[in-house]
Amino acid sequence: MKAALYVLVGIIVGLAAMATGVFMYFSATFIPVYVGSTYVIGNQLLRYLLYGVLFTILVASIKLTEYGVKYISKKIKKALH
């Protein structure tokens, strides 16, 4: 049961991280880099930091999903033999 929850949570969190990253990339209002006509380097650095955090979350969710799938497949193989 716990492994199925890992798979479900991993997929949901991974999709949420990807959606947030894509939204942030295409959005001019999510931490705007240009305020008026002024370039704000702090906001650009914050966006890069958030891209890194979202990428780390995405990798962790992939690993969590992989762990759950491996555990479930191991249990199924063990039950079949």
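Pull up region 31-59, narrow it to residues that are in contact (Cβ under 8 Å) with a residue 12 or more places away in the chain, among the hydrophobic types (A, V, I, L, M, F, W, C) and part of a helix (DSSP H, G or I), then point me to the one that is farthest from residue 21 (Cα to Cα). Please lay out each step first, then the result.
First, pick out the residues of region 31-59 that are in contact (Cβ under 8 Å) with a residue 12 or more places away in the chain: 31, 33, 43, 46-47, 50-51, 54-55, 57-58.
From what is left, the residues that are among the hydrophobic types (A, V, I, L, M, F, W, C) are 31, 33, 46, 50, 54-55, 57-58.
Keeping just the survivors that are part of a helix (DSSP H, G or I) gives 46, 50, 54-55, 57-58.
Working: 46: 13, 50: 8, 54: 7, 55: 8, 57: 11, 58: 10 Å.
Going through the qualifying residues, I end up with 46.
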Seminar exercise, completed: Residue count, region 41-65, condition surrounded by 14 or more Cβ atoms within 10 Å (Cβ to Cβ) and hydrophobic (A, V, I, L, M, F, W, C), comes to 7
For this session: Within region 1-28, work out how many residues are at pLDDT 90 or above, farther than 12 Å from residue 54 by Cβ and either part of a loop (DSSP other than H, G, I, E, B) or of a type in the set (Val, Ile, Thr) (or both).
Result: 5
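The values are calculated or read from the model by the stated rules, or taken from the named source; none is laboratory data. Quick caveat, the model's predicted, so the values are computed rather than measured. No Cβ is skipped: glycine too gets one built from the backbone with ideal geometry, and neighbour counts run over all protein chains shown.
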